[in-house]
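The values are calculated or read from the model by the stated rules, or taken from the named source; none is laboratory data. Note that the structure is predicted; figures quoted are calculated from it, not measured. Virtual Cβ from ideal backbone geometry, glycine too; neighbours counted across all protein chains shown. Accessible surface areas use protein heavy atoms only, side chains included; no ligands, DNA or RNA. Shrake-Rupley method; radii C 1.70, N 1.55, O 1.52, S 1.80 Å.
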Amino acid sequence: MYESFISQLRTIWQVLLHSFTKAETVQYPEEQPYLAPRYRGRIVLTRDPDGDERCVACNLCAVACPPDCIALQQGVREDGRWYPEFFRINFSRCIMCGMCEEACPTNAIQLTPDFEMCEYDRQSMVYEKEHLLIDGPGKYHDYNFYRVSGLKIDGKDKGEALNEAEPVDVKSLLP
Amino acid sequence: MPTIYIDGQAHEVSEGDNLLQAALGLGLDLPYFCWHPAMGSIGACRQCAVLQYQDEDDTRGRIVMGCMTPVTEGARFSLAADRAQAFREDIIESLMLNHPHDCPVCAEGGECHLQDMTVMVGHRDREYQGRKNTHRNQHLGPLIHHEMNRCITCYRCTRYYRDYAGGTDLAAMASHDHVYFGRHEEGVLESEFAGNLVEVCPTGVFTDKSLVHDYTRKWDLQSAPSVCTACSVGCNIMPGERYGKLKRIHNRFNHDVNGYFLCDRGRFGGHFVNSEDRIPAVGKRDGDGRFSAVDADSAVSSIAALLRQGKTIGIGSPRSSVEANYLLRELVGAENYCTGMSAQEGALVQHALQQLEQSQALVPSIRAMESADAVLVLGEDVTNTAPRIALALRQSVRNKAYAMAADLRLEAWQDAAIRNLAQDQRSPLSVLSVAATRLDDVASHTAQLCPDDIARVGFAIAAELEGALPAVDLGAELAELAKTIADTLRSADIPLVVSGTGCGHSGILDASAAIARALTGPDRPAQLSFCLAECNSLGAALVADGAGMGLEEVLELAAQDGIDNLLILENDLFRRTSCSKADSLFQAAGNVVLLDTLTTPTCDNADWVLPTSSFAETEGTLISQEGRAQRHFPVFNSVAPIRENWRWLLDIGHCAEVATCKSMVHFDDVTTSCANTIKTLFGICAAAPAASSVPAADKVPRQTHRFSGRTAMRANISVHEPRQPTDEESPLSFTMEGHSAEHNGALLPYVWSPGWNSNQSLHKYQSAVGGALQGGTAGTRLIEPGDIDAAQESSGSTAPALNAGEYRLVPLYRIFGSEEMSVRAPAVAQLCRPAGLEMPASVAAELGVSNGDGVTLTATTGNVDLEVTINDSLAANCVGYSHGVSGTGGLVPGSATKLCRAENWQRAPELIGTDRGATTA
Ligand code: SF4
Ligand code: SF4
Ligand code: SF4
Ligand code: SF4
Ligand code: FES
């Protein structure tokens, strides 16, 4: 009985104190909050340092996605690169967990600090590749998967990737 | 059953196994690469290392390879010992030294045995700083993609390709860490079984080329148990679908049929499902001769109205299921049902069926064929008509080697040792054919004879076996051959005779049956197998139930009193008869209703066209040449207005108020009704469990538990997800929910097990490693040895005699080209050549033609121009046409034909898959 009364008084006192602290509320949208660069918001597909599509349509993001809201189809380009023929994210299902970014072996898919994606029509939350693909490399400036991978593409022959030796000459018996 | 100790635990294992097999069979995870359940061990990869202890007191132990170590009573092993684990990790690390950073762009990823094993041993970081070896890839044809960088030199590919499948153009080249697996130069892989490399290679070196260009990971494929429809063998397959497209076909293990391997026609030919030639809508021909799309239901009622008035003839199809043929028969009445085969072929199939039913010889499964120790192939080019059987016969010749090994008490899995031991010694395989075949390289006796002579030699062999004198004089050489072959068969424990309808010669069937009869003794089961033309040739014949018209009879009927309605089920008549005959049939028929999947020349002559689902979108029961009824289930639903063949027919039946159709609603009702109506088909219900056998919540999921993109796949159409389609017709569901363990063997849609993402997880589903599925072997056999086996009259020659200047026309088969549907798969189409006429040089000289010239062939049905290829292996006076290839529709096997040089010959444009236009009317 006595303790409860003290507790009540303490609460009233604390509420009173709060009247003198600085308000946390911001005048959104006029005033924008600070979002860390690694904040997990709207997803983008980035380009490699040479300006080409990074995504190789490996499907790892899609399989990592808990609500299964990524769908894509692989294709092979004339120059030998794998790429997504279509790449679709249903943002009305996306929970911004970042698992896709975590899974992506090419740094192609990245989450950005933009969360302002409200729509009146839910259908507009379905983003296709042309909505997702941005012009730059995003958070990772240098990585280019095709410079590491052993796949031959136009402009990079066998043996020209990072840490690769010249293709072996099968006809030679020399050690 | 010896008892062995693994990490202190006692286990009972099978006698004669190696430790790797035993460990896998016990459910233990022991990594491996080079061992394969169908190919045995060679100990090449060193991945399956374990510690073996001398006795109880031995604490050090020594490293041995699991796959090379027999299990013996009391043997002690450790899989978990640090030294063994460290050794295995070192092996993976060394295999990975040169491995490219490719997984995201590798078509093996997600079902890669190398990925699985790497994770299993726990190797993570590549510490080696040196540079990676690289290789240049080769172009290996339209079917298989080559990416040599990914090789771990396990040698499985060459062991499979050369030792198992008998190929010669893939080899290990160079030395030390430069070893390269490929051809001596770029080019199409020659083996008809090359596609199995995709599954045999544990890495992404060999992958399915069409999949690579339209890729979907294994976990994203929707799959269902299915049956190959590209020949009469009925191999079990697992087609995978995504976004409404068939993506790939993988082998579905059936212990008694295909085992671990398919042929390339089956593996790559199914892609016709995605063809642009799919009939997209229900079509009705208007007055101006053009099709207009009509509503499906009104089409059904109009067609039903047609059926009610006037006489309707139903033309069935040996490429449609038993159920569809049966429904057609019910719609038009048994007396108006035609099997859809030509009279000649229909009679042959009927004849073969009779022989099989009556013969005391066993109709062997493919696996049983592998254990035959003397084989005679009579007149059939099995490699091109029933390819998987050729692969089995290739294994049968190794029984000699196994017998030699058994004498030395070598286990059957000691692959290299046994091959070294036997060298070129093989069990006898005799091939009598019209031209050289691809099996001749392992044959002990071969001869190329005209079909009549093949039958005669066959009868002579039978006579020899029975100790009688041959009915006809063959001449010394052939008589000697008959005697030698008879000797090989007589001294065998399990003799096998393989023949078929390929030559179009019933005497050959009779001769084969006669040999089998002569071989069958009280303690020895002879085996007799007939290859038939299509996936359900036997089924269509059984549905006809002894009756059933041939196409020619329909033609006669049409010529005499005309036909009001012609209801054609999935059959292109221009492949079965000449253009002129087909045209006259269509002219005589009032209304032509066609149900089919792809557009064909027959389509152009129909008044109504109903689009039907392909094998990958419908259920159906097919009867293989073994007499095995097998059910295929839809992998995905076809898009309206396409319907399953049986559903169209049932809908029409309901509308036309056909009595038997009334009680049928579901597919299983059709199967049951068919089984109850036709005595010989009584067993078909047992081919696979009925839909009602599984409660809705326990259905077998077609999707893997990691199927991705479910909320995005069709979000472009609507963001509101519809409920998953339900499957009323089968015990499978179109979702990833359900009950996927303890499947019935006929219901296995894919294989996967934790830690085993590749197809190597199959052993988790087998009762013993390499043995039958735990859920039982799929399919049910309808034909068991009969007991009558009365001697049949030798029908000797059935072919017309040759007059001067005439040649015997024999059919030659092509694995890519002779089958109707597979040639419409784009990759397979690239390997098809236009029809041609092969002839020995002597005939060519008589005609004054050479390779590439044209000849005009005078057939009863009109003249045909074909390109000449010289084939000196052809029997004298025989000329061989490419059977089933566009332009040869009306040619009659075995007929006598006149030939002359075609002046102004021009190679026809490469028409694939259609017969129209090439046969002159
Ligand atoms: S994980 Fe990355 S590379 Fe792979 S499909 Fe997704 S975005 Fe593309
Ligand atoms: S073979 Fe296997 S491990 Fe190698 S790149 Fe392909 S998926 Fe990865
Ligand atoms: S190509 Fe494949 S099967 Fe052949 S040795 Fe290399 S990894 Fe083994
Ligand atoms: S052998 Fe026949 S059934 Fe088997 S895969 Fe080949 S074509 Fe298909
Ligand atoms: S599997 Fe035993 S050494 Fe390769």
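Evaluating residue B:156 against the criteria (1) within 11 Å of another protein chain (Cβ to nearest Cβ); (2) surrounded by 23 or more Cβ atoms within 10 Å (Cβ to Cβ) leaves one unmet condition, (1). Can you confirm whether residue B:139 is in contact with a Phe, Trp or Tyr (Cβ under 8 Å, 6 or more places away or on another chain), within 14 Å of another protein chain (Cβ to nearest Cβ), more than 16 Å from ligand 1 (Cβ to nearest atom) and within 27 Å of residue B:248 (Cβ to Cβ)? Judged against the criteria, residue B:139 is not a match. Would you check if residue B:106 is surrounded by 23 or more Cβ atoms within 10 Å (Cβ to Cβ) and more than 21 Å from residue A:149 (Cβ to Cβ)? Here the answer is no, as residue B:106 does not meet what is asked. Scanning region B:879-899 for residues that are in a loop (DSSP other than H, G, I, E, B), under 25 Å from the mean Cα position of the chain (by Cα) and under 21 Å from residue B:552 (Cβ atoms) returns B:883, B:884, B:887, B:888, B:889, B:893.
A quick yes/no check of all residues on (1) outside any loop (DSSP other than H, G, I, E, B); (2) surrounded by fewer than 23 Cβ atoms within 10 Å (Cβ to Cβ); (3) within 16 Å of ligand 2 (Cβ to nearest atom):
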position: B:45; (1), (2), (3): no, no, yes
position: B:56; (1), (2), (3): no, yes, no
position: B:91; (1), (2), (3): yes, yes, yes
position: B:95; (1), (2), (3): yes, yes, yes
position: B:123; (1), (2), (3): no, yes, yes
position: B:126; (1), (2), (3): no, yes, yes
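Residues that are open to solvent by 20 Å² or more (accessible area, probe 1.4 Å) and either small (Gly, Ala, Ser) or within 16 Å of ligand 2 (Cβ to nearest atom) (or both): find the helices (runs of 4 or more DSSP H) completely inside region B:240-352 holding 1 or more of those.
On the way: elements: B:264-269, B:296-308, B:322-332.
In region B:240-352, the matching helices (runs of 4 or more DSSP H) lie at B:296-308.
Selection of region A:117-137 for residues being in contact (Cβ under 8 Å) with a residue 24 or more places away in the chain, more than 9 Å from chain B (Cβ to nearest Cβ) and over 30 Å from residue B:96 (Cβ atoms) yields A:117, A:127, A:129, A:132, A:133, A:134, A:135, A:136. Here residue B:109 clears all of (1) touching a residue at least 60 places away in the same chain (Cβ under 8 Å); (2) among the small types (Gly, Ala, Ser); (3) more than 8 Å from chain A (Cβ to nearest Cβ) except the condition numbered (3). Could you check region A:87-105 and list, in sequence order, the residues that are over 11 Å from the mean Cα position of the chain (by Cα) and either aliphatic (A, V, I, L, M) or within 14 Å of residue A:54 (Cα to Cα) (or both)? Once the filter is applied, which keeps residues that are over 11 Å from the mean Cα position of the chain (by Cα) and either aliphatic (A, V, I, L, M) or within 14 Å of residue A:54 (Cα to Cα) (or both), region A:87-105 yields A:87, A:89, A:95, A:105. Meeting the requirement of 1 or more residues that are of a type in the set (A, V, I, L, M), at the interface with another protein chain (Cβ under 10 Å from one of its Cβ atoms) and within 16 Å of ligand 2 (Cβ to nearest atom), the strands (runs of 3 or more DSSP E) wholly within region A:65-112 are A:70-76.
Restricting attention to region A:105-126, the residues that are touching a helix residue (DSSP H, G or I) at 6+ places or on another chain (Cβ under 6 Å) and surrounded by 15 or more Cβ atoms within 10 Å (Cβ to Cβ) add up to 5.
Among the residues of region B:209-260, those identified as within 14 Å of chain A (Cβ to nearest Cβ) and among the polar types (S, T, N, Q) are B:210, B:216, B:222. Whenever a residue of region B:176-187 is in contact (Cβ under 8 Å) with a residue 12 or more places away in the chain, its partners that are of a type in the set (Asp, Glu), lying with C-beta atoms within less than 7 angstrom and at least six residues away or across chains, give the pairs B:183/B:169. Name the residues in region B:682-713 that are polar (S, T, N, Q) and more than 8 Å from chain A (Cβ to nearest Cβ), would you? Answer for region B:682-713, where residues must be polar (S, T, N, Q) and more than 8 Å from chain A (Cβ to nearest Cβ): B:692, B:693, B:703, B:704.
Taking into account only those residues within region B:736-759 that are of a type in the set (S, T, N, Q) and touching a strand residue (DSSP E or B) at 6+ places or on another chain (Cβ under 9 Å), which is surrounded by the fewest Cβ atoms within 10 Å (Cβ to Cβ)?
Step one: list which residues in region B:736-759 are of a type in the set (S, T, N, Q), which gives B:740, B:744, B:753, B:757-759.
Adding the requirement that they be touching a strand residue (DSSP E or B) at 6+ places or on another chain (Cβ under 9 Å) leaves B:740, B:744, B:759.
Numbers: B:740: 20, B:744: 18, B:759: 22.
Within region B:736-759, the match that is surrounded by the fewest Cβ atoms within 10 Å (Cβ to Cβ) is B:744.
When residues in region B:460-515 are screened for being more than 17 Å from residue B:364 (Cβ to Cβ) and either among the β-branched types (Val, Ile, Thr) or not in a helix (DSSP H, G or I) (or both), 20 of them pass. Mind counting the residues in region B:427-459 that are open to solvent by less than 10 Å² (accessible area, probe 1.4 Å) and either at pLDDT below 95 or part of a helix (DSSP H, G or I) (or both)? Number of matching residues: 5.
Sub-9 Å Cβ pairs linking a first residue in region B:63-87 that is on the phi > 0 side of the Ramachandran plot to a second residue that is not acidic (Asp, Glu), at least 6 apart or interchain, are B:74/B:2; B:74/B:3; B:74/B:4; B:74/B:5, ordered by first then second residue.
Among what's in region B:159-169 and is without any contact (Cβ under 8 Å) to a residue 40 or more places away in the chain and surrounded by fewer than 24 Cβ atoms within 10 Å (Cβ to Cβ), pick the residue that is nearest to ligand 5 (Cβ to nearest atom).
If we filter region B:159-169 for residues that are without any contact (Cβ under 8 Å) to a residue 40 or more places away in the chain, which is where we start, we get B:161-162, B:167-169.
Subset that is surrounded by fewer than 24 Cβ atoms within 10 Å (Cβ to Cβ): B:162, B:167-169.
Working: B:162: 18, B:167: 22, B:168: 25, B:169: 25 Å.
Ranking the qualifying residues of region B:159-169, first place goes to B:162.
Every test in (1) open to solvent by less than 70 Å² (accessible area, probe 1.4 Å); (2) within 14 Å of another protein chain (Cβ to nearest Cβ); (3) of a type outside the set (Gly, Ala, Ser) is passed by residue B:716 save one, and that test is (1).
Within region B:826-852, how many residues are in a helix (DSSP H, G or I), open to solvent by 10 Å² or more (accessible area, probe 1.4 Å) and touching a strand residue (DSSP E or B) at 6+ places or on another chain (Cβ under 7 Å)? So that I can check it myself, show each step before the final result.
Within region B:826-852, the first condition is being in a helix (DSSP H, G or I), and the residues that meet it are B:826-829, B:841-847.
With open to solvent by 10 Å² or more (accessible area, probe 1.4 Å) added as a condition, the list becomes B:826-827, B:829, B:841-842, B:845-847.
Next, only the ones that are touching a strand residue (DSSP E or B) at 6+ places or on another chain (Cβ under 7 Å) stay: B:841, B:847.
Result for region B:826-852: 2.
In summary, residue B:158 fulfils each of the numbered conditions (1) under 27 Å from residue B:213 (Cβ atoms); (2) away from ligand 3 (no atom under 12 Å from the Cβ) with the single exception of condition (2). Take the residues of region B:71-106 that are farther than 20 Å from residue B:759 by Cβ and of a type in the set (D, E, K, R): which is farthest from the other protein chains (Cβ to nearest Cβ)? If we take residues in region B:71-106 being farther than 20 Å from residue B:759 by Cβ and of a type in the set (D, E, K, R), then B:73 is farthest from the other protein chains (Cβ to nearest Cβ).
When region B:159-182 is filtered for residues that are at the interface with chain A (Cβ under 10 Å from one of its Cβ atoms), of a type in the set (Ser, Thr, Tyr) and either part of a loop (DSSP other than H, G, I, E, B) or within 16 Å of ligand 4 (Cβ to nearest atom) (or both), only B:175 remains. Take the conditions (1) modelled with pLDDT of 95 or more; (2) open to solvent by less than 50 Å² (accessible area, probe 1.4 Å); (3) in the same structural domain as residue B:621 (by TED's automatic domain parsing); residue B:688 misses just one of them, which is (1).
Of everything in region A:146-159, what is facing chain B (nearest Cβ under 7 Å) and either open to solvent by 80 Å² or more (accessible area, probe 1.4 Å) or hydrophobic (A, V, I, L, M, F, W, C) (or both)? Give them in sequence order. It would help to see each step written out before you state the result.
Restricting attention to region A:146-159, the residues satisfying the condition of being facing chain B (nearest Cβ under 7 Å) are A:148-151, A:158-159.
Scanning region A:146-159 gives A:148, A:151.
Just wondering, is there one or more residues in region A:160-174 that are surrounded by 14 or more Cβ atoms within 10 Å (Cβ to Cβ), in contact (Cβ under 8 Å) with a residue 40 or more places away in the chain and within 9 Å of another protein chain (Cβ to nearest Cβ)? No, because not a single residue in region A:160-174 is surrounded by 14 or more Cβ atoms within 10 Å (Cβ to Cβ), in contact (Cβ under 8 Å) with a residue 40 or more places away in the chain and within 9 Å of another protein chain (Cβ to nearest Cβ).
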